[in-house]
Amino acid sequence: MPRTTHGDDGQLLADCQEAIGYRFGDVTLLREALTHASGANHRLVSNERLEFLGDAILGAIVCERLFRKFPDYLEGDLTRIKSIVVSRRTCAQISERLGIDRFLIMGKGMGAHDQTPSSMMGDVFESLIGAVYLDGGMEAARQFIVRHLEPEIDAAAVGHGGVNYKSNL
């Protein structure tokens, strides 16, 4: 169940850092990444700007990772894998796996739902990437993304039954 409070969330932020496997030097970035527009006093302090940045960082790092990991794949093959890996659905699944919905800061109307919408879960993962990037730089963002997305990259590159998807063509 998502949180809807705005009080002292020191424990909430500490628990979130533990869940995502990253320690922030500036926890205000984490708070912003977790704050949905419905729970913000102003949209500029919601996670929307961090989501914008995180989306770009995610795409660049995944593209570089695919380029280096699969030197024999053509551009179309890399594009297919990337589209799966950076999709809103994949980002939402990672957020759900990490239990990020427990840490979201939302308005009271949004917090009344039993389950956080999948689109919101995908957005928050991208906003976390943006926050990690601003807090720790490109290398911290790369490590964060690779840690959470490497299994998704491998799964997208391998078809059902452990056969490379290119073999199925």
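The values are calculated or read from the model by the stated rules, or taken from the named source; none is laboratory data. Keep in mind the model is a prediction, meaning the values are calculated, not measured. Using ideal geometry, Cβ is built from the backbone for each residue, glycine included, and neighbour counts are taken over all protein chains shown.
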Contacts under 9 angstrom Cβ, first residue in segment 117-130 being in a loop (DSSP other than H, G, I, E, B), partner hydrophobic (A, V, I, L, M, F, W, C), 6 or more apart: P117/A92; P117/M110
Per the list (1) under 11 Å from the mean Cα position of the chain (by Cα); (2) acidic (D, E); (3) modelled with pLDDT of 95 or more, residue check on E64 breaks on (1)
Within segment 10-24, restricting to residues that are free of Cβ contacts under 8 Å to residues at least 24 places away in the same chain and small (G, A, S), the one that is surrounded by the most Cβ atoms within 10 Å (Cβ to Cβ) is A14
Quick one: would you say G25 is over 18 Å from the mean Cα position of the chain (by Cα) and modelled with pLDDT of 95 or more? yes
Looking at Y73 and the list (1) surrounded by fewer than 19 Cβ atoms within 10 Å (Cβ to Cβ); (2) within 18 Å of R31 (Cβ to Cβ); (3) aromatic (F, W, Y), which single condition is not satisfied? (2)
Within segment 1-12, the residues that are modelled with pLDDT of 85 or more and within 24 Å of S118 (Cβ to Cβ) are L12
